Every structure is written in structure tokens, then in C-alpha cells.
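Visitor: Have a look at this one.
The values are calculated or read from the model by the stated rules, or taken from the named source; none is laboratory data. Fair warning: this is a prediction, and the values are worked out from it, not measured in the lab. Glycine gets a Cβ as well: all are built from the backbone with ideal geometry, and neighbour counts include every protein chain shown. Just the protein is used for accessible areas: all its heavy atoms, side chains included, with ligands, DNA and RNA removed. Shrake-Rupley method; radii C 1.70, N 1.55, O 1.52, S 1.80 Å.
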Amino acid sequence: MVSVDSISVIYGNFELLNSISFLINPRDRIGLTGKNGAGKTTLLKLITGLQKQTSGKITMPSGTTIGYLPQNMNVADDTTLLNETLKAFGGLKRIEKQIENATLDIASRNDYESESYLVLCDKLNDLQDEYRIKGGNSYIAETEQSLTGLGFERKEFNIATSQLSGGWRMRIELAKILLQKPRLLLLDEPTNHLDIESIEWLELFLKSYPGAVMMVSHDRAFIDSVTSRTLEISLGKIYDYKVPYSKYIELRRERREQQMAAFNNQQKMIEDTEQFIERFRYKNTKAVQVQSRIKQLDKLTRIEVEEEDNDSIKIKFAPAPRSGAIVIEAEKLSKSYGEKSVLHNVDIIIQRGEKVAFVGKNGEGKTTFSRILMDEIDFSGTLKKGHNLRVGYFAQNQDDLLDESLSVFQTIDNVAIGDIRTKIRGILGAFLFMGDDIEKKVKVLSGGERSRLALIKLLLEPYNLLVLDEPTNHLDMQSKDILKQALLLYDGTLIVVSHDRDFLDGLVEKVYEFRDKKIKENIGGIYDFLKSKRLKSLRQLEKKSKAERKQTAEKGMSETKKVYLQRKEKEKMLRRLKKELTTTESDIEILENRKEELVTILCNPAGTEDIADDGSIYMEYETLKEDIDRKMADWERLSHEIELKNEGRE
């Protein structure tokens, strides 16, 4: 479907992509992976045409549609949530307007037999067929289904998009792209702003999507579940693995071992050759051999191996001072923002050493409760904190507390103690601060870089309770693995607010679900929780009768859609009645003409030979009169029904 042929991208003396080639097939599910800065986002932009390659070409069949979701985008906020999402159906909206205009035109005319009237009727039928084929009868229901799947509630459909955060606006853009059903979906970190339930919905949607999908994602469980092919960008080259991400990791390790063996062998050969050249460079008897070896080295294609992964870097949290046995105890805790209640009469106990996850849809109170623990917002009810509690808190705005005058290295050097000081550069590299990045001032860092730096700083200070709110949002998979290993070794109490199932798997032994203003305790890991949720959902589904499901489906259809469908059905019925009336009038005319012919024959029997001896002409005449009477009755009925329809009294 899409052919990428010998693409290169060069910035000055730096070659980001070096003559890469691959195909995207119609039903592919591709995970695009590689280190930060390897060129993943650049490749997506090249395919969409948003960026031009230095050389090579990208070809695709004419009419191929592409939907692209970038990590960040500028959006206009001038309408409501539902209306903004419905912009995905611009083509259908135009057909709707054409149908409306044609219908009004037909209703205003009475020249039912004219050629222009019949042409207009044919045009209307064609438009209605096109509208139906393109999903005109179901697009509003599909829109509502997609929005609820991505975490919006129906009562929010009419709120202004200007009231939504950037994360929720990105969900709208994702919904619009999915609803357009392009032949190729290109998604850059689509799960960054989704909760667990929305991620699972998107997972199921993409698995059954009729087109091709290519995505960049640091959510290992998500990309492993959706994709069946992995493209890795490494040192400007592309490596194509026809397997999901988890299997790719194994194959990549094998390939790297082979690369390292070949690299080491080549380095040994180069070293031996250079020693030979240096040893005999000035001996005339060896001049030919020396020149031959020099040419051999010049022609040699050097094997490159990507820098060693940071998996080997072991980071350990500072020892946690001992706290009381009960770390957090809340009784009848409630929190409201004006008239909106977020938490109501919540009871929860977290004990020393527990590692727990806070999960639930966005807006259900996870971050609110975390901020209550940090004494950042007021509440009603009781909250008791354990003895000698020292709390470390990571939130998306935690980077605001960094000293902007310091460099990246100085920020960490100021809190590192003991042996950890010798590992600062390795730790910074593990969290994507490479080379000269460590000398950057905090004030020039991007939002993602500042968040990563705040996380490292938190990691090195002595706390006995860590509250981490979405700590993995700006980390790649290797960095997440390093952080997870450090948290597994952490000897304090841990609360993690996260939607990353792979990160939570094996890290937490208890899950607190935030739903309907309550917090429900679930013993077990994240996949135990998800399994129980699916079973509950199935049982609830089984309890619904067929009538209830029908009622729910009907309720899901907006009133606007119902009114439109009723009007459309009325117009369709009116056109059918008028067509029947025209046919009936034509039939009456034919019958009347034949009747006149028979009257002429019967009135002048001597002048014609058409009268048979058996009296059949008399029988035909009587039958004609009956047929005309019947057709006239039909004509009166149809005329009456059309009159009622036009007056709106049907």
C-alpha cells in the first residue's frame, strides 16, 4: 500500500536516516521503535508529507487516506465537544446539505412529469444511496460510541472545548482520526493521555480496524497487544521484524550478539592490520604489502553497533527512614469543587511497605486524593498520617520546583550522596540526558525533560512514602525498566497513579479503583484487577434483557438524529406517494383511451370488423370500467395522503 524506497534524511553533517526501505501492507499492525532521537517521529512525518526527505521516494496508490496523530498539536477551541468531533464527517455533512436542498426543491415543485423533475429525483436517490453507503445513518451513534470509549461522558458532549485540558483535547483529535477511517493510521504515543479503560477500548478498536496501523508507543503492553510487526530504527538503518514487540526484544538481543561478535572480530582485524602497517611502514621490502593493507582498510565497511543499552545501570533509592505501621488512614473523607463532588465518604488504610496503584478514569479523583495527601488542597473528613512520615511527591507540575539557574548535572549532584555521585552521568543517560544535555540549564529544558529531571531528583532523596502521579509519561521503555527495577528494590511505601499496565505489573500488590466518588480496594496485581473487571462487565451484560439493550441503544441516539430520521422518512414516503400518483394517472389515461376506442367500435358496429361473435368486446368494456373505477379510487386515496403529508397531519 505504501512503499518507502531508499529514504535518507540529512541535517548538515548528521545523517538521521540512511537509505531506508520498507513496505506497509493494507492490514499491517506495525510498532515503530528505537531510541529517543532515532528518527521515529521524523519517519511518520515523511509518510504524511509534513516533512521532505533529502533523497529517496515514498509512493502510495492514489486516493490513499492517512490519519496522523502527533504527540502535540495546536487546536482551535471555538465549538462544543460533540460538534468538534463531528468535523470528522465533513464529507457526509456536505451530502446532508445537498439532500436537504434537493428535498426542498422537490417539495416546492408540482411539474411531476417534467424531465427536470425526474432528473432531480434521480439525483436525490443517488445522494441518499451515497449517504447510506458512507455511513450516514450511523455516524452520530459511532461518534458517541468513540467518545464514550475514550473516556467522555454523554453529559459532557455539549461543553465547550475551551474548557478541556490539553490531554482531553488530544482525545477529541484521536476520536476524529479514528472516525474518518483512513486506510493508514499513524499514531505517535496515542496512550499518553488515556486511562486504563480507554486504552483497553483503543486496543480492541485497533485490533479490528480495517486499515493499516503504524504507531510509536512506550506502553509495552499496549504495543505488544496491538502490533504483529516491529520496525526498529537504529543508527539510521531500519530493521524489520515480523513479530510483536516482546518477541522482537528476543530477536534483537540475538542480532546484537551477532553484531557484537562481528564488530569484535573486525576490530581485531583492524588492530592487527594497523600494527602491521606501523611496523613495516618504512621498510622498502614490505612497501607493496603495506600499501595493500592501507587500501584494504580504506575500502573496509566499518561495522557499527549502537551504544550499549542502559539496562545494566542499577539505580537504588536512598534508604527509607522507618515510619509508623499505618502510613495513611482516611475516614469519611470527601472533596468537592463547588457543586461537583469528586470524593465522598472515602475510607482507606495504607500500611508501611505496601506498594499500591491508584487507577480509574480521568476525573475520578486520583490526583485530587494525591494532592490531599500532600496537604495541597482542603477536604472534609479525617486524614491521619503515620509517625515520622516523609513524603516524596512526583506530579506533572513538580518540575516547577526545580532551580532554573542550575544545570542538569548540578541539579542531581546537589542531592547525590555517597557512591551514587560516581554514577550521576550513567543515571542521567538512563533517563535520556545524553552528552552535552547534562550541561543544559534547567530554564531551557522542555516540559518532558524537566519532568524526567524532577523524577531523578526525587529518586535520590530519602523518603519513606513515594506518591508518583503518571511517572512514565515522558520515559522510553529502557528508562521505565530502570525506574521499575529501582522501585522494586525501594524499601518504603509506594503509591503509583498510572495507566501503564506493563509498568504496574509485578510492581504493586494492591489496586485501589477510583469510581463513582468512592475508592474500592482490590487485592492482587494490575492484571488480577483487570481480569475481575472484565468478568464483572460480562455478568452485567448478561443481566440486560434484549429490550433493555434496545432501550439503551435508542437512548444513545441523540434527539437531533431522531428528528432528522423522522423528517427523512417523511420525505421518502412523500416521494413514493407522488410517484404512485403519477403512475396511477398514467394508467387511468391509458384505460380511458382504450375505453373511448371501444365506445367508438360499439357505436358503429357496421363499420368495423373488430366485434367478435362471442361478445368478448363487451366483456372487455365492462372490465375497463371496473379498472377505471378502481384506479380512480386509488388516485383519490393517494391525493388525500399527499395532502395530509404536506400539511403535517399524517
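Visitor: Calculated from DSSP H runs of 4 or more alone, at -39500 (n - 2.57) each and per residue, what is the 222 nm mean residue ellipticity of the chain, nearest 500?
Guide: -15000 deg cm²/dmol
Visitor: For a 28 Å ceiling on Cα separation, which of these pairs sit above it: Lys366/Lys480; Lys155/Lys517; Lys355/Lys518; Lys176/Lys484; Lys332/Lys484?
Guide: Check vs 28 Å cut-off fails for Lys176/Lys484; Lys332/Lys484.
Visitor: In addition: What are the ³J(HN,Hα) couplings of segment 179-185, residue after residue, when phi is run through the Karplus curve with 6.51, -1.76, 1.60 and θ = phi - 60°? Round to Hz, x for glycine and proline.
Guide: 6, 6, 6, x, 6, 9, 9
Visitor: Still on this structure, please answer the following. Quick one: dipole size for segment 1-132, taken about the Cα centre, charges +1 on Lys/Arg Cβ and -1 on Asp/Glu Cβ, in debye to the nearest 20.
Guide: The calculation lands at about 1000 debye.
Visitor: Given H placed 1.01 Å from N in the peptide plane, which residues other than close sequence neighbours of Asp28 have an amide H under 5 Å from its amide H?
Guide: Here Val213 satisfy the definition.
Visitor: Kirkwood hydrodynamic radius, computed over distinct alpha-carbon pairs, for segment 55-102: how many Å, to one decimal?
Guide: 14.5 Å
Visitor: For a quick check: with amide H placed at 1.01 Å from N, whose amide H comes under 5 Å from Thr79's, ignoring anything fewer than 5 positions away on the same chain?
Guide: HN-HN under 5 Å from Thr79: Thr161, Ser162.
Visitor: On to the next question. Once R0 is set to 35 Å, what does the formula 1/(1 + (r/R0)^6) return for the Cβ-Cβ distance between Lys295 and Gln259, expressed as a FRET efficiency to the nearest 0.05?
Guide: Working from the Cβ atoms, E equals 0.85.
Visitor: A further question follows. Around Thr472, what is the net charge, scoring Lys/Arg as +1 and Asp/Glu as -1 over all other residues with Cβ under 12 Å from its Cβ?
Guide: Numbers: positive: Arg220, Arg452, Lys480, Lys484, Arg501; negative: Glu189, Asp219, Asp469, Glu470, Asp476, Asp481, Asp500, Asp502.
Net of charged neighbours comes to -3.
Visitor: Here's another thing I want to ask about it. At a Cα cut-off below 18 Å, give the lysines reachable from Lys595, other chains included and same-chain residues fewer than 8 away excluded.
Guide: Straight-distance partners of Lys595: Lys625, Lys631.
Visitor: Out of the total accessible area of segment 179-289 (probe 1.4 Å, heavy atoms of protein only), what percent is carbon and sulfur?
Guide: Reported share for carbon and sulfur atoms: 52 percent.
Visitor: List every residue whose amide H lies under 5 Å from the amide H of Ala357, counting only residues 5 or more places away in sequence or on a different chain, with H placed 1.01 Å from N in the peptide plane.
Guide: Result for Ala357 returns Val496, Lys510, Val511, Tyr512.
Visitor: Let me ask something additional. Can you give the accessible area of His344 in Å² (nearest 10), computed on protein heavy atoms with a 1.4 Å probe?
Guide: 90 Å²
Visitor: Would you please calculate the Kirkwood hydrodynamic radius of segment 38-133 over all C-alpha pairs and express it in Å, rounded to one decimal?
Guide: After inverting the pairwise mean of 1/r, the radius is 17.9 Å.
Visitor: List the lysines whose Cα sits under 21 Å from the Cα of Lys440, skipping any in the same chain fewer than 8 residues away.
Guide: List returned: Lys35, Lys423, Lys457.
Visitor: Something else about it: Starting from the Cα gyration tensor of segment 187-338, take the square roots of the eigenvalues, sort them a ≥ b ≥ c, and report rounded, prolate or oblate (rounded when a/c is under 1.5, otherwise prolate if a/b is larger than b/c, else oblate).
Guide: Details: a/c = 4.55, a/b = 2.06, b/c = 2.21.
Oblate, because a/c is 1.5 or more while a/b does not exceed b/c.
Visitor: Separate question: Which distance in Å, rounded to a whole number, links the C-alpha centroids of segment 143-204 and segment 342-379?
Guide: That distance is 25 Å.
Visitor: Quickly work out the Ser341-to-Ser55 label distance, labels modelled 7 Å from Cα along the C-beta direction, and quote it in nm with one decimal.
Guide: 6.9 nm
Visitor: Rounded, prolate or oblate, given the Cα gyration tensor of the chain, with a/c below 1.5 counting as rounded?
Guide: Oblate, since a/c reaches 1.5 and b/c is not below a/b.
Visitor: OK, next. So, in Å, what gap is there between the alpha-carbon centers of segment 97-125 and segment 221-287?
Guide: 70 Å
Visitor: Here is a further query. Provide the per-residue ³J(HN,Hα) series for segment 516-531, in order, calculated from phi with Karplus coefficients 6.51, -1.76, 1.60 and θ = phi - 60°, each as a whole number of Hz, with x at glycine and proline positions.
Guide: Ordered by residue, 3J(HN,Hα) equals 6, 6, 10, 10, 10, 7, 10, 6, x, x, 5, 6, 5, 5, 5, 4 Hz.
Visitor: Let me ask something additional. Using a 1.4 angstrom probe on the protein heavy atoms only, could you order Asp219, Asp378 from most to least accessible area?
Guide: Highest to lowest solvent-accessible surface, that is Asp378, Asp219.
Visitor: With a 1.4 Å probe and every protein chain left in place, work out the accessible area per residue of segment 187-331 in Å², rounded to a whole number.
Guide: In whole numbers, segment 187-331 has 54 Å² accessible per residue.
Visitor: Ignoring ligands, DNA and RNA, please state the percent of accessible area on segment 8-100 from carbon and sulfur, probe 1.4 Å.
Guide: 48 percent
Visitor: Would you work out which of Gly90, Leu124, Thr80 lies farthest towards the positive end of the dipole of the chain? Charges go on Cβ: Lys and Arg +1, Asp and Glu -1.
Guide: Thr80
Visitor: Could I ask something else about it? Please list Thr368, Thr623 in order of solvent-accessible area, largest first, computed with a 1.4 Å probe with all protein chains present.
Guide: Thr623, Thr368
Visitor: HN-Hα J couplings of segment 436-446 from phi, Karplus 6.51/-1.76/1.60, θ = phi - 60°, integer Hz, Gly and Pro as x?
Guide: 6, 4, 6, 8, 5, 6, 4, 5, 9, 6, 6
Visitor: Carbon and sulfur: what percent of segment 359-398's accessible surface (1.4 Å probe)?
Guide: Here carbon and sulfur together make up 40 percent of the probe-accessible area.
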